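What follows is a single structure, written as structure tokens, with notes after it.
Just so it is clear, none of the values below were taken in a lab; they were calculated from the coordinates. Worth saying up front: this structure is predicted, and the values here are computed from it rather than measured. We place every Cβ from the backbone using ideal geometry, glycine too, and count neighbours over all the protein chains shown.
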Amino acid sequence: MLEIRSLSLVQDGDTCLDDVSIRFEPGQLTTLLGRTLAGKTSLMRAIAGLVQPDAGSIALDGTDWLGLPPWRRPVAMVTQQFINYPHLSVLDNVAFPLLRRGVARDEARDRARDMLGRVGLADFTDRRPGRLSGGQQQRVAIARALVKKAPVLLLDEPFVNLDYKLREGLREELIDILTAETGTMVVYASTDPREALQMGDRVVLLSEGRVVQAGPPRTVYGAPVSVAAAQVVSDPPINLLELDVAEEGAEVTGLGAVTPADLGRALPPGRYTLGLRAHDLRLGGPHAAHVALTEVSGSETVTHLVLAGQNLVMLERTVTEHALGATIGIGLDLTRARVFDATGTLVPNGADHG
């Protein structure tokens, strides 16, 4: 087990990691999900020994890592960039870390050749990286990391620079490859909630250098513990609406009076935030909203709306063109909203919906 305890890191006056504690289990793929600068890369670099944290500990099976230089840590890492040696063949690129560890040349090349076959590059062993496509170059980098058989594998958004179709295909192939790597602790960083939820056995949500939630994908998505967690795990962005509950009734800003039946629950008096996902808005409801932007992605349409001065996002599972500036009627299924109290903490109601 790899255990991170109370890790903190400040660089150039910016807090990169703030009291981060996580456990990574053997045979488990953990996705780190967060926006740019959330702390994902900083955490991986600290694990790999490329940066020295200001406080906290990193230990593998009880052995402290903070005193170990990077080359003595049993870690393999793949980054966003295609870091391959241009003067070496594909085969020698993959064999290089084994040769550096003293493995005999023939054995190193045999193991490298086997790994290249597993990532679909068996026919490219003699080529130089410069003669490969971007996707093929990233496969070389992944093969070089996997061939080390390190107990900890760090994948820092390895497909972010590739086009969508290539990224989808490589992601599926990587999952199949990693499934066979029993006992390896895989940490995969992503800014894409869909990718993180699909890939991980466990998801860790990071925001501004802090862990805001960790758990199985279904739990993290279905019951985000705070407004911050809901924002990290929602794509398109989650809609946030203000709710005031008093003894005489309740009102949602921009929507007017609502009842416990509208909300699917009764709440004590106070101020709340409703988190409503984009697919819980529908076309054709009673509220007049103005179209600010329409984005078509594949078979889905994301429409950005303005309702009573509030910005909302609606997801339709079809291709629809809404004219810019047009007024359309929308409905909001508030019974599906997550409810957060005045501190931004989830108010549970026992539901686990999507």
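To the nearest ten degrees, helix 105-118 and the longest principal axis of the Cα atoms of the chain are 30 degrees apart.
Note on Arg271 and Glu3: with the Förster distance fixed at 35 Å, the Cβ-Cβ geometry gives a FRET efficiency of about 0.35. Full extension of the chain between Glu172 and Thr15 gives 53.1 nm of extra length, using 0.36 nm per residue less the Cα-Cα distance. A crude spin-label estimate for the pair Asp114 and Ser57, with each label 7 Å from Cα along the Cβ direction, gives 3.7 nm. Taking trypsin sites (Lys or Arg not before Pro) across the stretch 1-108, the ones in a DSSP loop with at most 13 further Cβ atoms lying within 10 angstrom of their Cβ are Arg35, Arg101. Residues considered: Ser21, Ser299, Ser226. Largest GNM mean-square fluctuation over the chain, using C-alpha springs under 10 Å, is found at Ser299. Highest GNM mean-square fluctuation, the chain, Cα pairs closer than 10 Å: which of Ala112, Ala76, Ala261? In the Gaussian network model the winner is Ala261.
When the GluC sites (Glu not before Pro) in the stretch 251-354 are filtered for DSSP coil states and for at most 13 other beta-carbon atoms within 10 Å of their beta-carbon, the remaining sites are Glu321.
The calculated FRET efficiency for the pair Arg336 and Ala104, based on their C-beta separation and a Förster distance of 45 Å, comes to about 0.15. Set the Förster radius R0 to 51 Å, insert the Cβ-Cβ distance between Ser299 and Asp244 as r into 1/(1 + (r/R0)^6), and round the FRET efficiency to 0.05. That pair, Ser299 with Asp244, gives E of 0.85.
Taking every DSSP bridge with both residues inside the chain, close to 75 percent are antiparallel. Would you look at the GNM of the chain, springs on alpha carbons closer than 10 Å, and say which of Leu334, Leu153, Leu29 moves the most? Judging by the Gaussian network model, the answer is Leu334. Backbone phi angles across the stretch 132-139, fed through the Karplus curve with coefficients 6.51, -1.76 and 1.60 (θ = phi - 60°), yield HN-Hα couplings of 10, 6, x, x, 5, 5, 5, 5 Hz in residue order; Gly and Pro are listed as x.
Close amide H partners of Tyr188, meaning residues 5 or more places away or on another chain with modelled amide H under 5 Å apart, are Thr30, Thr31, Leu32, Leu155. Inter-label distance, Leu66 to Thr179: 4.0 nm, where each label sits 7 Å from its Cα along the C-beta direction. Of the chymotrypsin sites (Phe, Trp or Tyr not before Pro) in the stretch 45-122, not one is in a loop by DSSP (not H, G, I, E or B) with at most 14 other beta carbons within 10 Å.
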